[in-house]
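Beneath this line is the structure, given in structure tokens, with notes to follow.
Bear in mind these aren't lab numbers, they're just calculated from the coordinates by the rules spelled out. Please read these numbers as outputs of a predicted model, since none were measured by experiment. FYI the Cβ positions are ideal-geometry reconstructions off the backbone, even for glycines, and counts take in every protein chain you see.
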Amino acid sequence: MVRYKSEDGIHDALGTLVETTPHYVVVEAKRGLVKVPAHQMITGKKVSPDLK
């Protein structure tokens, strides 16, 4: 799970982390791939597979 802030508020990308770079991460979420720029990230944590 990666929590991030965008122009329209705070969001959670909940799913499997599939790519990391110094500039962004990509999470495979139920709604598809979510690319989160590093400057928007607030926090992240490992969650149980049940919650994905």
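Couplings for region 6-18, taken from phi via the Karplus curve 6.51 cos²θ - 1.76 cosθ + 1.60 with θ = phi - 60°, read 10, 4, 9, x, 9, 9, 10, 9, 9, x, 9, 6, 10 Hz in order; Gly and Pro are left as x. Under 12 Å of direct C-alpha separation, and excluding same-chain neighbours fewer than eight residues apart, residue 35 reaches these aspartates and glutamates: 12, 19.
Tell me the GluC sites (Glu not before Pro) within region 1-47 that lie in a loop according to DSSP and have at most 10 other beta-carbon atoms within 10 Å. Listed in order of number, the matching sites are 7. Sorted from greatest to least, the principal axis extents spanned by the alpha carbons of the chain come out as 29, 23, 19 Å.
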